[in-house]
Amino acid sequence: MPPSAPSLPRRVARILRTSLFAQVACALVLGIVVGKLWPDVATDLQPLGDGFTRLIKTIISPLVFCVVVVGIAKAGDLKAFGRIGLKALIWFEVASTLALIIGLLAANIVQPGSGMNVDPSTLDTSAVDAKTGGGSLPSTTEFIVNALPTSFIGAFAENSLLQVLVLACLVGAALLHLGHTKVPKVLPAVEQAQEIIFAIVGFVMRLAPIAVFGAMAVLIGNYGLGVIETYGKLIILCYVAAALFVALLAVALRLVTGLSLWKFLRYIREEMLLALGTASTESVMPRVMQKLRKAGARDDAVGLVLPTGYSFNLDGASLYLSIGTLFIAQAVGVDLSLGQQITVVLVLMLTSKGMAGIPGSAFLALSATASSLGAIPAGAVALLLGVDRIMDSMRVVTNLLGNCVAVFAVSRWEGALDLERAKKVLDGEDVAAAEEGPESPAKPEGAEQSAGAEQPVGADRSAGTESPATARTPAAVPAQLAKEAAPEAS
């Protein structure tokens, strides 16, 4: 007799036990229920989400450092790394400017704040000061200077991603300059440290459902569902504009790489749901980096483009800021001219670049924009206090997808994307290879490469490739480097 199919409760239990997506989805729903029914209890659950975010932030800087150093060393071409950085900045500027323009067009067409007739003098601006902590956004000069580290250890201690990126580029360049004969043990050590960090990511991710439950319960407990009714028109507009922008991202990804954004969404559905639940893209950065590498993007492209995008490519925030600025103007009865709206775009192009990691950065950017126009009372940004947290989901999804598309697009542009592997992984094929991850970076199209072949640090890549029989595994790298160094030493 054929074995009987497991009962429905057993199948559900197995899915909940093995699927992170199912666990996070259940935690999300449970958090909403607890926040709605017991708001006083829900507000005490803040440490659950905060604790998880702190654990993730602990490993982001060392992970970015390891991935970038290994990527530069294995790519063997510092000029290619520079081209990746330049192309990424071009992509970021085009994408964020497009997001700003879409936001302005949407706000002009729908007019979400018209008819509110708010008197700015009746608004309590102390809540804005409390949210921003009396801080301010850095100027362009300050932003550039702050990206340069003053201490090797300090960059990691302060979790400054841009400073860590600078250090990683310097270390990777030094490895290429010295070559494998002078520092044969450094690269294998960094690779092994990278594997340890990814293992830690796996441990921490088991706590993701608890973090999502706590964060969602706090959100509903603090703000309730009534805010959706009050700001319904603005909320719907922001989410529809974000959906339009994501659709354009899908078109761009298809044109540039031939890949499907919807298949990619299915591929990172667990990370996307976690980012939604915790309202933080940082909480999923390590896992997303890992999945992008497994999907065929070269290490150096992933290590540079994705972390840099967290500071330079805030597409969701750009949408929100442009719509929010016009919403405030319409609510207080200010009619902005075309010239003033162009000024809004120009100001937000600058202020949005320095937002990452600053408390209440959206309100600081809105206040700076209002002050530059001179027509909107700066205190009017208090109108968005009640809805700002609801917008986090829109900002998180749009920011994350925008940065992932940038990784694929720039990788393809630079010839650092293994398209065959990417298509197989996104189609759900070649699962074993996807779980193992690439042993060596993808080469530009047309380059011949033996299976498993890998060039030593600083070696001439035109010298050919190793055969599968002699290809080195990470564990064999130190011994192999020692053998290669021996003849030169003699």
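Structure values in brief
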quantity: Relative contact order of the stretch 213-312, defined on C-alpha pairs under 8 angstrom at six or more residues apart (%); calculated: 19
quantity: Summed side-chain charge close to VAL64 - residues other than VAL64 whose Cβ falls under 14 Å, Lys, Arg +1, Asp, Glu -1; calculated: -1
quantity: Nonlocal amide H pairs with THR281, under 5 Å, H built at 1.01 Å; calculated: none
quantity: Average Cα contact separation per residue, the stretch 136-193, under 8 Å, 6 or more apart, as relative contact order %; calculated: 23
quantity: Gain upon complete extension [ASN117, ILE15; 0.36 nm per residue less C-alpha separation]; calculated: 31.6 nm
quantity: LYS185-SER151 FRET efficiency (beta carbon distance; Förster radius 22 Å; 0.05 resolution); calculated: 0.30
quantity: About the Cα centre, charge dipole magnitude for the stretch 7-82 (Lys/Arg +1, Asp/Glu -1 at Cβ), debye; calculated: 440
quantity: Potential lengthening between ILE196 and GLU420 on full extension [0.36 nm per residue; Cα-Cα distance subtracted]; calculated: 77.8 nm
quantity: 1.4 Å probe accessible area per residue over the stretch 23-77, in Å²; calculated: 44
quantity: Low-density loop cleavage sites - trypsin sites (Lys or Arg not before Pro) in the stretch 164-259, where at most 15 other Cβ are within 10 Å (DSSP); calculated: LYS182, LYS185, ARG206
quantity: Estimated vicinal HN-Hα couplings, Hz - the stretch 106-111 in sequence order (Karplus 6.51, -1.76, 1.60; Gly, Pro = x); calculated: 5, 5, 5, 6, 8, 6
quantity: Inverse of mean 1/r across different Cα pairs in the stretch 232-356, Kirkwood, Å; calculated: 16.7
quantity: Difference of contour (0.36 nm per residue) and Cα-Cα distance, ASP40 to ASP77; calculated: 7.6 nm
quantity: Within the accessible area of the stretch 264-407 (1.4 Å probe), percent carbon and sulfur; calculated: 60
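The values are calculated or read from the model by the stated rules, or taken from the named source; none is laboratory data. Just so it is clear, the structure is predicted and the values come from calculations on it, not from any experiment. So basically every Cβ, Gly included, is an ideal-geometry build from the backbone, and we count neighbours across all protein chains shown. Surface areas here come from the heavy atoms of the whole protein model, side chains and all, with no ligands, DNA or RNA. Shrake-Rupley method; radii C 1.70, N 1.55, O 1.52, S 1.80 Å.
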